[in-house]
Amino acid sequence: MMTQLTVNLAERSYPIFIGVDLLKQTEQLLLPYIGGRQLMIVTNERIAPLYLELLVAALSATGQVQQIDTLILPDGESYKNLATLNEIFTALLEKKHHRSTTLLALGGGVIGDLTGFAAATYQRGVAFIQMPTSLLAQVDSSVGGKTGVNHLLGKNMMGAFYQPASVVIDLMMLQTLPKRELAAGLAEVIKYGLIYDQGFFEWIESSVDALLALDRNCLMQAVQRACEIKATIVASDERESGLRAILNFGHTFGHAIEGAMGYGTYLHGEAVAIGMCLATQLSIKQYGLAPEWLARLTALLKKIGLPTTAPKSMSMDHWLQWMQIDKKNLDKKLRLVLLKSCGRATVTDSFEGVYLHEVLAAASS
Ligand code: NAD
Ligand code: GLY
């Protein structure tokens with residue numbers, strides 16, 4: 001069971017392989033994308049005992065990679081920072097990795113974003129492979145080339161656009177993913193339906209039980225459709241000068257919650273779930289979006305066990321302070337992703353401030 005998609009970016013195009021038990025196809029799926037003779041696999045303490053040995057054994061068995069090093073980082077969003085990035089550089093230098101080396105990220109979005117940024121900058125850029133292990137990373141962060149780290153004053157504030165050479169998504173790895181993390185990943189899957197494909201949103205509504213039960217066919221369909229949508233959007237706007245910003249639906253509110261509450265308190269997908277509810281409320285006021293969509297979204301998120309209301313400790317000052325440091329903002333103007341209808345998103349800075357104020361005031365009360 002395997003399917004292949006392509007992210008079409010001219011000379012930087014790359015494949016996304018999605019399937020089951022892909023570690024058994026290392027020779028075909030990984031070797032062609034390992035640039036030279038050196039490889040550094042970056043992972044974390046939770047994932048290493050599950051998959052690292054298998055991956056190293058599979059690669060070693062090919063006899064084609066002369067030097068395979070591994071780096072096991074601490075687990076968690078709070079480690080997605082410059083200090084951890086420097087640990088990757090130190091490991092690469094200590095093991096004498098040259099410019100022809102390849103970095104392989106084996107992990108969720110935190111490992112993928114950190115490793116990608118290291119690959120973008122180590123000796124001005126080395127090859128990079130994504131092997132995402134969380135649902136969120138499989139449907140979102142491993143595709144599209146956004147890499148980076150957090151600053152205490154703002155989420156993902158340092159980073160680079162740097163595309164991987166390939167993305168290998170093994171759905172079997174989701175078997176070991178904690179249920180809370182699975183739910184957080186589903187928030188990003190739902191996002192694609194809301195911003196781009198009403199039919200997909202409705203399919204998720206009808207398939208949610210099967211998805212939560214890790215039904216293989218449903219997972220395959222969900223991951224494939226999410227990656228297709230992301231690949232299409234990225235191919236048309238790699239550096240987010242326009243359309244790509246719609247992928248940030250719910251994220252301005254979500255990033256504010258993540259930062260204000262302390263990275264790791266709310267999972268990224270949980271914060272995005274709340275953010276999507278707030279952005280949908282604003283869309284109803286601003287564009288007359290049918291209120292039905294807020295009810296359906298809230299019901300779906302609740303079924304998955306995701307939060308739908310913001311933490312009460314978020315004051316209006318918190319919201320405004322954190323939302324002002326969003327990367328979408330231009331010329332000090334807040335830009336938000338809103339829905340004109342289910343499946344049709346728009347990025348705008350010309351919403352009524354009073355509507356935003358009403359939504360945030362209701363969220364904080
Ligand atoms: P994460 O990387 O922290 O992974 C979630 C948790 O699940 C971690 O504890 C991890 O160790 C564990 N885990 C992962 N795979 C596992 C598996 N197969 N079995 C058992 N445990 C497993 O978080 P995430 O939700 O994957 O990613 C969130 C991060 O991704 C955030 O930093 C967010 O900003 C970033 N992100 C980036 C992009 C992008 O385009 N680059 C897009 C969306 C999100
Ligand atoms: N996750 C937002 C993006 O990749 O653009």
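The values are calculated or read from the model by the stated rules, or taken from the named source; none is laboratory data. Predicted model, so just to flag it, every value in this text is computed and none were measured. When we count neighbours, we look across all protein chains shown, and the Cβ atoms used for this are built from the backbone with ideal geometry, even at glycine. Only protein heavy atoms, including side chains, enter the accessible area calculation; ligands, DNA and RNA are left aside. Shrake-Rupley method; radii C 1.70, N 1.55, O 1.52, S 1.80 Å.
Out of curiosity, is Lys230 at pLDDT 95 or above, of a type in the set (Lys, Arg), buried (at least 21 other Cβ atoms within 10 Å of the Cβ) and on the phi < 0 side of the Ramachandran plot? Write out each step before concluding.
Numbers: at pLDDT 95 or above: yes; of a type in the set (Lys, Arg): yes; buried (at least 21 other Cβ atoms within 10 Å of the Cβ): yes; on the phi < 0 side of the Ramachandran plot: yes.
Taking the combined requirement at face value, the residue satisfies it.
Are there any pairs with C-beta distances below 6 angstrom linking a residue in region 62-82 that is surrounded by 14 or more Cβ atoms within 10 Å (Cβ to Cβ) to a residue that is of a type in the set (Asp, Glu), with the two at least 6 apart or on different chains, and if so which?
Cβ pairs passing all conditions: Ile72/Glu45; Asp75/Glu45.
Mind counting the residues in region 309-365 that are in a helix (DSSP H, G or I), of a type in the set (S, T, N, Q) and open to solvent by less than 40 Å² (accessible area, probe 1.4 Å)?
Total satisfying the criteria: 1.
Which numbered condition in (1) in a strand (DSSP E or B); (2) more than 16 Å from ligand 2 (Cβ to nearest atom) is the only one that Gln64 fails?
Gln64 satisfies all of (1) in a strand (DSSP E or B); (2) more than 16 Å from ligand 2 (Cβ to nearest atom) except (1).
Residues in region 5-19: is at least one open to solvent by less than 30 Å² (accessible area, probe 1.4 Å) and more than 21 Å from the chain's Cα centre (by Cα)?
Here is the first cut: in region 5-19, the ones open to solvent by less than 30 Å² (accessible area, probe 1.4 Å) are 5, 7, 9, 14-19.
Next cut, more than 21 Å from the chain's Cα centre (by Cα) only: none.
No - not one qualifying residue is present in region 5-19.
Can you say whether Ser78 is at pLDDT below 95 and either out of contact with any strand residue (DSSP E or B) (no Cβ under 8 Å at 6 or more places or on another chain) or away from ligand 1 (no atom under 13 Å from the Cβ) (or both), as far as the supplied structure shows? Spell out how you get there, then give the answer.
Working: at pLDDT below 95: yes; either out of contact with any strand residue (DSSP E or B) (no Cβ under 8 Å at 6 or more places or on another chain) or away from ligand 1 (no atom under 13 Å from the Cβ) (or both): yes.
Here the answer is yes, as Ser78 does meet what is asked.
Could you go through region 199-218 and let me know if any residue there is in a helix (DSSP H, G or I), within 14 Å of ligand 1 (Cβ to nearest atom) and within 27 Å of Leu9 (Cα to Cα). Give the derivation first.
Going residue by residue through region 199-218, those that are in a helix (DSSP H, G or I) are 199-212, 216-218.
If we keep only those that are within 14 Å of ligand 1 (Cβ to nearest atom) as well, we get none.
No; the residues of region 199-218 include none that is in a helix (DSSP H, G or I), within 14 Å of ligand 1 (Cβ to nearest atom) and within 27 Å of Leu9 (Cα to Cα).
In this structure, is Gly259 surrounded by 21 or more Cβ atoms within 10 Å (Cβ to Cβ), of a type in the set (Gly, Ala, Ser) and closer than 21 Å to Lys328 by Cβ? First the steps, then the outcome.
Working: surrounded by 21 or more Cβ atoms within 10 Å (Cβ to Cβ): yes; of a type in the set (Gly, Ala, Ser): yes; closer than 21 Å to Lys328 by Cβ: yes.
Against the criterion (surrounded by 21 or more Cβ atoms within 10 Å (Cβ to Cβ), of a type in the set (Gly, Ala, Ser) and closer than 21 Å to Lys328 by Cβ), Gly259 qualifies.
Residues are listed down the side, and each one gets a yes or a no for (1) over 19 Å from the mean Cα position of the chain (by Cα); (2) part of a strand (DSSP E or B); (3) of a type outside the set (Asp, Glu):
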{"residue": "Ala58", "(1), (2), (3)": "yes, no, yes"}
{"residue": "Thr70", "(1), (2), (3)": "yes, yes, yes"}
{"residue": "His98", "(1), (2), (3)": "yes, no, yes"}
{"residue": "Leu104", "(1), (2), (3)": "no, yes, yes"}
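Return yes or no: is Glu238 touching a strand residue (DSSP E or B) at 6+ places or on another chain (Cβ under 7 Å) and within 16 Å of ligand 2 (Cβ to nearest atom)? Lay out the reasoning, then the answer.
Details: touching a strand residue (DSSP E or B) at 6+ places or on another chain (Cβ under 7 Å): yes; within 16 Å of ligand 2 (Cβ to nearest atom): yes.
Criteria met by Glu238.
Has region 135-156 got at least one residue that is farther than 25 Å from Glu258 by Cβ and touching a residue at least 24 places away in the same chain (Cβ under 8 Å)?
Taking region 135-156 as the starting set, the residues that turn out to be farther than 25 Å from Glu258 by Cβ are none.
No, there is no match, as no residue in region 135-156 is farther than 25 Å from Glu258 by Cβ and touching a residue at least 24 places away in the same chain (Cβ under 8 Å).
Give the residues of region 34-51 that are more than 22 Å from the chain's Cα centre (by Cα) and open to solvent by 10 Å² or more (accessible area, probe 1.4 Å), sorted by residue number.
Hits for region 34-51 are Ile34, Gly35, Gly36, Arg37, Gln38, Pro49.
Check whether at least one residue in region 141-156 is hydroxyl-bearing (Ser, Thr, Tyr), open to solvent by 10 Å² or more (accessible area, probe 1.4 Å) and within 13 Å of the chain's Cα centre (by Cα), and report yes or no.
Just the residues of region 141-156 that are hydroxyl-bearing (Ser, Thr, Tyr), to begin with: 141-142, 147.
Going one step further and asking which of them are open to solvent by 10 Å² or more (accessible area, probe 1.4 Å), we end up with 141, 147.
Checking which are within 13 Å of the chain's Cα centre (by Cα) leaves us with 141, 147.
Taking every residue of region 141-156 in turn, at least one turns out to be hydroxyl-bearing (Ser, Thr, Tyr), open to solvent by 10 Å² or more (accessible area, probe 1.4 Å) and within 13 Å of the chain's Cα centre (by Cα).
Restricting the first residue to region 192-214 and requiring it to be closer than 19 Å to Leu338 by Cβ and at pLDDT 95 or above, which pairs with a second residue that is surrounded by fewer than 19 Cβ atoms within 10 Å (Cβ to Cβ) and among the basic types (Lys, Arg) meet a Cβ separation below 9 Å and a spacing of at least six or different chains?
Ile195/Arg344; Tyr196/Arg344; Gln198/Arg344; Phe201/Arg296
Does Leu54 satisfy the criteria of being modelled with pLDDT of 95 or more, hydrophobic (A, V, I, L, M, F, W, C) and open to solvent by 80 Å² or more (accessible area, probe 1.4 Å)? Break it down into steps so the answer makes sense when it comes.
Working: modelled with pLDDT of 95 or more: yes; hydrophobic (A, V, I, L, M, F, W, C): yes; open to solvent by 80 Å² or more (accessible area, probe 1.4 Å): yes.
It is true that Leu54 is modelled with pLDDT of 95 or more, hydrophobic (A, V, I, L, M, F, W, C) and open to solvent by 80 Å² or more (accessible area, probe 1.4 Å).
Restricting the search to region 112-132, which residues are small (Gly, Ala, Ser) and more than 26 Å from Leu171 (Cα to Cα)?
Ala120, Gly125
With (1) more than 10 Å from ligand 1 (Cβ to nearest atom); (2) open to solvent by 40 Å² or more (accessible area, probe 1.4 Å); (3) farther than 21 Å from Lys340 by Cβ as the list, and Val223 as the residue in question, which single condition is left unmet?
Condition not satisfied by Val223: (2).
I want to confirm something. Restricting to region 86-129 and keeping residues that are within 16 Å of ligand 2 (Cβ to nearest atom) and open to solvent by 10 Å² or more (accessible area, probe 1.4 Å), which single residue is farthest from Leu212 (Cα to Cα)?
Checked region 86-129; the qualifying residue farthest from Leu212 (Cα to Cα) is Ala120.
Which of the following residues is free of Cβ contacts under 8 Å to residues at least 40 places away in the same chain and more than 12 Å from ligand 1 (Cβ to nearest atom): Thr280, Thr309, Thr265?
Values: Thr280 fails: free of Cβ contacts under 8 Å to residues at least 40 places away in the same chain; Thr309 fails: free of Cβ contacts under 8 Å to residues at least 40 places away in the same chain.
Answer to the selection: Thr265.
Could you check region 311-340 and list, in sequence order, the residues that are over 19 Å from Leu243 (Cβ atoms), modelled with pLDDT of 90 or more and within 21 Å of the chain's Cα centre (by Cα)?
Trp322, Met323
Name the strands (runs of 3 or more DSSP E) wholly inside region 139-188 in which the number of residues that are within 16 Å of ligand 2 (Cβ to nearest atom), touching an Asp or Glu at 6+ places or on another chain (Cβ under 8 Å) and more than 23 Å from Leu212 (Cβ to Cβ) is 2 or more.
On the way: elements: 146-151, 154-161, 166-170.
Those strands (runs of 3 or more DSSP E) span 146-151, 154-161.
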